[in-house]
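Shown next, in structure tokens, is the structure this report addresses.
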Amino acid sequence: MSGCRVCGGDVTTFLDLGQQPLSDAFLLGPEQIESEFFYHLRVGSCRSCHMIQLRDEVPRERMFHEEYPYRSSLSSVMREHFATTARSLLATELSGPDAFLIELGCNDGVLLGTVAEAGVRHLGVEPSGGVAEVARGRGLSVLTAFFEEKTARRVLEEHGRADVVYAANTFCHIPYLDSVFAGLDVLLTPDGVLVFEDPYLGDIVERGSFDQIYDEHFYLFSATSVASLANRFGFELVDVVRLGVHGGEVRYTLARAGARVPSAAVADLLAEETDRALHAPGTLEDFAKRVDRICDDLVGLLERLRDEGRRVVAYGATAKSATVTNRTGIGPDLVSTVYDSTPEKQGRLTPGAHIPVSPAAEFTAPYPDYALLFAWNHADEIMQRESAFREAGGRWISYVPDVRVM
Ligand code: SAH
Ligand code: TMP
Ligand code: ZN
């Protein structure tokens, strides 16, 4: 087994989620089952730099390509979140003359739209051709490429240095951070910043949200591991902000070492992580035990409902749900269909579990008895839109932070 992907140090595996399919590889039909790709999903912690990481790496081209189905703009809460984020960057880091923002993983342009509207120079770097094309269709500038040192040099030649490199739910997708930081070093202005937001290890451990672990989420960041990562590459963690979106994230701001004074929030979060022993082996082992318990409870509940003759569906064909269904063996016998608003997922089968995906618009009366909320991170938005389900006597099932009928 190889060492830490960041520092080469020894890594201890604390959670084994078994063989898993690609979380966003929805099948056109049963004929594709035979050729489905699987990998071993295991998570480890580096004893030197504390980075939490997957032990096995899926080649990036298998995950991010022309057909990558995730669409950022489908959630109204996320649209609002990114509009607010863009406005805040515009008012601060991008307020100077001829400011320039680069976004890694811009997807369908959910954040860049606001930057472009303000007349500020922008460029998206997005390897998934389908979503990049959607963004271009909105008049945005997008380069279809994986971000790495080579891409950074090309962008530098064509566009010059950037004041901000921003990435949401993308930085944790990139295993080869040495090349990324080499690229950031050439691309950022002397006072430029890297701003990225990703699922927070602290929230994952607290809520038991193990479904944040899947092929695309190669790293589970914390202030502790990001501060160490930054130092390794000549940068410094200068700000952290906790976010409520996607089940709990942190927005990290990195500047060149010594360029800025770190905010008090950095020291506070580092101290909090030390106080709660977030990276201690015992904490991570307890988390792994909790994962087993949640999986057993969920299967137990679904089997009981099936035996009672209840009709159970799921809501949100999330990448996260691939981890849950494939770890537990939950399939169409326990959950007949999963409703989802993404056109690119509808009419397909979920990866590994092969549950048919139906359009969310078909989630109507006569309602099922229960709906398992795979998109629990969008609970408020979904439960509000589908309020008629509950009014008709339907019940939502969640498994975060524990298995319960709501
Ligand atoms: N920022 C959006 C999209 C997140 S999905 C949001 O928060 O909703 C992750 C995106 O990162 C995908 O669109 C994927 O194609 C892109 N991505 C994956 N690897 C990348 C890399 N090396 N460089 C840039 N983008 C990458
Ligand atoms: P995410 O948790 O990775 O953002 O994925 C959310 C999934 O849920 C995505 O496939 C879209 C779907 N979805 C709905 O079907 N209805 C909704 O209202 C929302 C917000 C998401
Ligand atoms: Zn390490």
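Only residues that are within 16 Å of ligand 2 (Cβ to nearest atom) and touching an Asp or Glu at 6+ places or on another chain (Cβ under 7 Å) were counted across segment 55-82, and they come to 10. Could you check segment 2-15 and list, in sequence order, the residues that are open to solvent by 80 Å² or more (accessible area, probe 1.4 Å) and near ligand 3 (Cβ under 8 Å from one of its atoms)? Residue satisfying the conditions is ARG5 alone. Just one of the listed residues (LEU177, LEU112) is closer than 23 Å to TYR252 by Cβ and within 16 Å of ligand 3 (Cβ to nearest atom), and it is LEU177. The one condition from (1) in a strand (DSSP E or B); (2) farther than 23 Å from LEU373 by Cβ that SER228 does not meet is (1).
Any residue at all in segment 256-277 that's assigned to a loop (DSSP other than H, G, I, E, B), within 30 Å of PRO59 (Cβ to Cβ) and open to solvent by 10 Å² or more (accessible area, probe 1.4 Å)? No - not one qualifying residue is present in segment 256-277.
Counting just the residues of segment 257-278 that are touching a residue at least 24 places away in the same chain (Cβ under 8 Å) and either of a type in the set (Phe, Trp, Tyr) or out of contact with any Asp or Glu (no Cβ under 7 Å at 6 or more places or on another chain) (or both), which one comes out nearest to VAL11 (Cα to Cα)? Among residues in segment 257-278 that are touching a residue at least 24 places away in the same chain (Cβ under 8 Å) and either of a type in the set (Phe, Trp, Tyr) or out of contact with any Asp or Glu (no Cβ under 7 Å at 6 or more places or on another chain) (or both), the one nearest to VAL11 (Cα to Cα) is LEU278.
Summed over segment 39-52, residues that are surrounded by 14 or more Cβ atoms within 10 Å (Cβ to Cβ) and either closer than 18 Å to ALA322 by Cα or within 16 Å of ligand 2 (Cβ to nearest atom) (or both) total 4.
Which of the residues spanning segment 1-33 are among the aromatic types (Phe, Trp, Tyr) and over 20 Å from HIS173 (Cβ atoms)? Selection gives PHE14 alone. Please verify whether PRO366 is in contact with a helix residue (DSSP H, G or I) (Cβ under 7 Å, 6 or more places away or on another chain), farther than 24 Å from VAL131 by Cβ and open to solvent by 20 Å² or more (accessible area, probe 1.4 Å), treating the condition exactly as stated. No; evaluated as a whole, the condition is false for this residue. Against the criterion of being in a helix (DSSP H, G or I), touching a helix residue (DSSP H, G or I) at 6+ places or on another chain (Cβ under 8 Å) and of a type outside the set (Ser, Thr, Tyr), HIS122 does not qualify. Looking at segment 209-230, can you tell me whether even one residue there is in contact with a Gly (Cβ under 8 Å, 6 or more places away or on another chain), surrounded by fewer than 20 Cβ atoms within 10 Å (Cβ to Cβ) and at negative phi? The answer is no, given that none of the residues of segment 209-230 is in contact with a Gly (Cβ under 8 Å, 6 or more places away or on another chain), surrounded by fewer than 20 Cβ atoms within 10 Å (Cβ to Cβ) and at negative phi.
For (1) modelled with pLDDT under 95; (2) part of a helix (DSSP H, G or I); (3) open to solvent by 60 Å² or more (accessible area, probe 1.4 Å), each residue gets a yes or a no:
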residue: CYS295; (1), (2), (3): no, yes, no
residue: VAL299; (1), (2), (3): no, yes, no
residue: ASN326; (1), (2), (3): no, yes, no
residue: ASP333; (1), (2), (3): no, no, yes
residue: LYS345; (1), (2), (3): no, no, no
residue: VAL357; (1), (2), (3): no, no, no
residue: ASP380; (1), (2), (3): no, yes, yes
residue: VAL400; (1), (2), (3): no, no, no
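Applying the set (1) touching a Leu at 6+ places or on another chain (Cβ under 8 Å); (2) surrounded by fewer than 16 Cβ atoms within 10 Å (Cβ to Cβ); (3) of a type in the set (S, T, N, Q) to THR84 leaves exactly one unmet item: (1). For segment 16-36, the candidate set comprises residues that are closer than 26 Å to SER358 by Cβ and surrounded by fewer than 14 Cβ atoms within 10 Å (Cβ to Cβ); within that set, the residue that is nearest to ligand 2 (Cβ to nearest atom) is LEU28. Among the residues of segment 155-181, those that are of a type in the set (A, V, I, L, M), in contact (Cβ under 8 Å) with a residue 40 or more places away in the chain and part of a helix (DSSP H, G or I) comprise VAL155, LEU177.
Among the residues of segment 120-164, just one is open to solvent by 20 Å² or more (accessible area, probe 1.4 Å) and within 16 Å of ligand 2 (Cβ to nearest atom), namely VAL134. Taking the conditions exactly as written (in contact with a strand residue (DSSP E or B) (Cβ under 7 Å, 6 or more places away or on another chain), open to solvent by less than 10 Å² (accessible area, probe 1.4 Å), part of a strand (DSSP E or B) and at pLDDT 95 or above), does LEU184 satisfy them or not? No.
The values are calculated or read from the model by the stated rules, or taken from the named source; none is laboratory data. Predicted model, so just to flag it, every value in this text is computed and none were measured. No Cβ is skipped: glycine too gets one built from the backbone with ideal geometry, and neighbour counts run over all protein chains shown. These accessible areas exclude ligands, DNA and RNA; they are computed on the full protein's heavy atoms, side chains included. Shrake-Rupley method; radii C 1.70, N 1.55, O 1.52, S 1.80 Å.
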